[in-house]
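Worksheet for the structure shown next.
The values are calculated or read from the model by the stated rules, or taken from the named source; none is laboratory data. For clarity, every value in this text was computed on a predicted model and none was experimentally measured. As a convention, Cβ positions derive from the backbone with ideal geometry for all residues, glycine included, and neighbour counts pool all protein chains shown. Areas reflect the complete protein model, heavy atoms only, side chains present, ligands, DNA and RNA absent. Shrake-Rupley method; radii C 1.70, N 1.55, O 1.52, S 1.80 Å.
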Amino acid sequence: MFDEDVPSWLVGLNDPQREAVLHGNGPLLVIAGAGSGKTRALASRVARLVDEGVPAERVLLLTFTRRAAAEMLRRSGALISDRSVGRVWGGTFHAVANRLLRRYGNAVGLQDGFTVIDQADAASLFGMLRTELGFSASKQRFPKKETIAAVYSRTVNARSPLAETVEDRFPWVADHIDALRDLFRAYTARKREHNVVDYDDLLLYWSALLDSPAGNTVRGLFDHVLVDEYQDTNRSQAEILRSLCGADGNLTVVGDDAQAIYSFRGATVENILDFPDSYEAATVVKLEQNYRSTPQILKAANAVIEASPEVFPKLLWTERRSGRTPDLVTCHDEAVQAELVADRVLEHREAGIPLRDQAVLFRTGHHSAGLEIELSRRNIPFVKFGGLRFLEAAHVKDLLSMLRILDNPKDELAWDRVVQMIPGIGPATAQKLIAHLDASAAEAETDRLLSFIATEFTVVAEARTPIRELRAALADCRGTDGTEPGPAEQIERLTEFCTLVFDRAYDDPEARLADLGQLAALAAEYGTRSRFLTEITLDPPASTSDLAGAPHLDDDYLSLSTIHSAKGGEWRAVFVIHAADGNIPSDMALSEPGGLEEERRLLYVALTRAKDHLHVTVPQRFYHKRFASSREHSYALPSRFLDPARDAFEHAAAGMPPEIDGLGDAADGGDPVADVLEDLWR
């Protein structure tokens, strides 16, 4: 029965969860194993703080997606039926940084109305500077813009010297360090000139804000700071938390060192491993009871991760009743693997497990190529996660660039993209047109946008109608008398211009225009264009299905996902494919510091997504098409990480060629080799 004396936020919690929820003041580290109910514990702690009198607006909850923050606060509010929970500062590090900088940014030299650019735009700006500084014309091969952006971001997030970053992570660009320094200085200057900041800047400015005269004001905003997925933080984020809370402050961090798999984004597992040393007064609580998986699945996962020398010791256990032993199937080749997975998926479906409760996980996107063909052949619907994100699609960036022009007429990258949407205008003409706009704007003492709206241009015939429509669309979106339509109406108006140009720029323009309709529907939730642009840039939807919301109840599809994208998910049946050495661990990861152990953690994450059924497959033969006329193959062994867990799996083989007779006992019919030799002696 329900005990009225027990607060709702403690009901149903196990002892370690209660300890985490009831922790008083001072630092707290919660080591939360996979499936151990860490979201419930964190939501209950927020509910308890608010219920016991901490003003909701003085609680800061940092997560790695906006949706995670919203879900956690929804749970917290449900536990205490207190609408004030909605006043908790909840969001990602970057979103909270943006919110603080909009309020206090002048203290660190930021101008009002700055634009946030995403990683793709940052790479584009590096590409422009690469050309302007003459590096693209170098006789020696120079790094591409994406590599330059990656070096920059790694250096900033890890707070490591450029030379050290290059030596550890990008040794192939070592000959260009001096040029990279010039590029990075030019990049910093160009961003400031055009009032734009990138993702990394948001953290740098937040850190600088805490060191500025406004720092004590910012620190004074919060009584409690709580952080989810702490194992995924980078050095900049850890330093911000230290500056915000101090060594003895009310900082609660929750995470699992065994699930630290994002070093390629700059995350460092040392943040969570070193927390007890960095915060000597910290209390450490371990959540080891698993509510997701069967004992057999946990036995396999525990065996894999126990071999790592770099984890907090813990042993996942469960009160769930016994289930089936996971199977480890060696397949003759990738085609056999695809057939086996499709067969098992359908068997599970017939046994009452819908497709949406099943998932196929893999190390990298191309590993599912053969399976996708087999699933399509059998008419098994699937959705793939871990590919191109929605905002990275060119047509979506086109429309968002027009909104960015309206928001910040100085945004050079947005202007360059939008002008080149006009038929007949390429990069060189675009730069001339923009330079002409700047000259006209300076002469009229106005901004670039008003100059564009007011100026008639001499352009090629095919560009005349589109450029006229673009000017009209931007003018309508800007509005008159200080008023402008809402962001959804602006997107609808700009879509009219896109209708004129998409059929020449893209295949399947109707589908792309439909995506813009989904974008307008999302924008309807926002009161201002600035807020919409900022939030969708900082926490972008992964796909149009993300925009459309959850699937209908009658939608049924199999999930295909990279392991990185599957983190946080769970399914009744999970297939981990291509679990061969060279894939897991990836050959490329082995050359990076800590790469081997991160690959081990990656497999652990994959195994712990399964609730009831776990299937691991290893193709023995891989085919390679090196030349048009050749098709070679190589052989692979099961992942080395599976060795300690071999006893936790039921072993099987699929599609192997029939064993050759005569490997043991003598074959009937004599000795064929002797017969051949005898023929030679005759």
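Please indicate, with yes or no, whether at least one residue in region 507-518 is closer than 14 Å to Ile422 by Cα and either open to solvent by 40 Å² or more (accessible area, probe 1.4 Å) or touching a Leu at 6+ places or on another chain (Cβ under 8 Å) (or both). No, region 507-518 contains no residue that is closer than 14 Å to Ile422 by Cα and either open to solvent by 40 Å² or more (accessible area, probe 1.4 Å) or touching a Leu at 6+ places or on another chain (Cβ under 8 Å) (or both). Pick from region 226-250 the residues that are outside any helix (DSSP H, G or I) and aliphatic (A, V, I, L, M): which of them is modelled with the lowest pLDDT? Applying the filter and picking the extreme gives Ala247. Output yes when any residue across region 258-274 is open to solvent by less than 10 Å² (accessible area, probe 1.4 Å) and either out of contact with any helix residue (DSSP H, G or I) (no Cβ under 9 Å at 6 or more places or on another chain) or basic (Lys, Arg) (or both), and no when none is. Checking region 258-274: not a single residue is open to solvent by less than 10 Å² (accessible area, probe 1.4 Å) and either out of contact with any helix residue (DSSP H, G or I) (no Cβ under 9 Å at 6 or more places or on another chain) or basic (Lys, Arg) (or both). Restricting attention to region 34-53 and to residues that are touching a strand residue (DSSP E or B) at 6+ places or on another chain (Cβ under 6 Å) and over 19 Å from Val6 (Cα atoms), the residue that is most open to solvent (accessible area, probe 1.4 Å) turns out to be Lys38. For the condition open to solvent by less than 40 Å² (accessible area, probe 1.4 Å), at pLDDT 80 or above and basic (Lys, Arg), Arg529 qualifies. Of the residues making up region 71-109, those that are within 28 Å of the chain's Cα centre (by Cα) and open to solvent by 60 Å² or more (accessible area, probe 1.4 Å) are Glu71, Arg74, Arg75, Gly86, Arg87, Arg99, Arg102, Arg103.
Considering Leu406, Leu413, the condition of being among the hydrophobic types (A, V, I, L, M, F, W, C) and modelled with pLDDT of 90 or more is satisfied by Leu406 alone. When Asp416 is tested against (1) in contact with a helix residue (DSSP H, G or I) (Cβ under 7 Å, 6 or more places away or on another chain); (2) surrounded by 19 or more Cβ atoms within 10 Å (Cβ to Cβ); (3) part of a helix (DSSP H, G or I); (4) touching a residue at least 60 places away in the same chain (Cβ under 8 Å), just one condition goes unmet, and that condition is (2). Taking residues in region 106-120 that are more than 13 Å from Tyr199 (Cα to Cα), and partners anywhere that are open to solvent by less than 50 Å² (accessible area, probe 1.4 Å) and of a type in the set (Phe, Trp, Tyr), the pairs with Cβ atoms closer than 7 Å and at least 6 places apart or on different chains are Val108/Tyr205; Leu110/Tyr205.
Answer yes or no: is there a residue in region 101-124 that is in contact with a Gly (Cβ under 8 Å, 6 or more places away or on another chain) and among the acidic types (Asp, Glu). So far as region 101-124 goes, yes, one or more of its residues are in contact with a Gly (Cβ under 8 Å, 6 or more places away or on another chain) and among the acidic types (Asp, Glu).
So that you can scan it fast, the table gives a plain yes or no per residue for (1) at pLDDT 85 or above; (2) exposed (fewer than 14 other Cβ atoms within 10 Å of the Cβ); (3) out of contact with any Leu (no Cβ under 9 Å at 6 or more places or on another chain):
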position	(1), (2), (3)
Glu456	no, yes, yes
Val460	yes, yes, yes
Ala463	yes, no, yes
Pro466	yes, no, no
Glu469	yes, no, no
Leu474	yes, no, no
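Within region 151-183, the set of residues being surrounded by fewer than 20 Cβ atoms within 10 Å (Cβ to Cβ), out of contact with any Gly (no Cβ under 6 Å at 6 or more places or on another chain) and within 26 Å of Val96 (Cβ to Cβ) comprises Arg159, Ser160. All of Arg58, Arg66 fail the test of being open to solvent by 50 Å² or more (accessible area, probe 1.4 Å), more than 18 Å from Asn250 (Cβ to Cβ), in contact (Cβ under 8 Å) with a residue 40 or more places away in the chain and under 31 Å from the mean Cα position of the chain (by Cα), apart from Arg66. Kindly establish whether Ser308 is at negative phi, modelled with pLDDT under 95 and not aromatic (Phe, Trp, Tyr). Answer is yes for this residue.
Just one residue in the set Thr495, Thr499 is in contact (Cβ under 8 Å) with a residue 12 or more places away in the chain, under 22 Å from Ile422 (Cβ atoms) and open to solvent by less than 40 Å² (accessible area, probe 1.4 Å); that residue is Thr495. Before we move on, is Phe170 among the aromatic types (Phe, Trp, Tyr), more than 30 Å from Thr39 (Cβ to Cβ) and out of contact with any His (no Cβ under 7 Å at 6 or more places or on another chain)? Against the criterion (among the aromatic types (Phe, Trp, Tyr), more than 30 Å from Thr39 (Cβ to Cβ) and out of contact with any His (no Cβ under 7 Å at 6 or more places or on another chain)), Phe170 qualifies. Does at least one position in region 347-355 carry a residue that is within 28 Å of Gly582 (Cα to Cα), touching a Phe, Trp or Tyr at 6+ places or on another chain (Cβ under 8 Å) and of a type in the set (A, V, I, L, M)? No, the conditions are met nowhere in region 347-355. Looking across region 277-298, just one residue is open to solvent by less than 40 Å² (accessible area, probe 1.4 Å), within 21 Å of Ser243 (Cα to Cα) and either part of a helix (DSSP H, G or I) or not hydroxyl-bearing (Ser, Thr, Tyr) (or both), and that is Ala282. Those strands (runs of 3 or more DSSP E) of region 607-658 in which at least 3 residues are modelled with pLDDT of 95 or more and either surrounded by 13 or more Cβ atoms within 10 Å (Cβ to Cβ) or more than 31 Å from the chain's Cα centre (by Cα) (or both), considering only elements entirely within it, cover 610-624.
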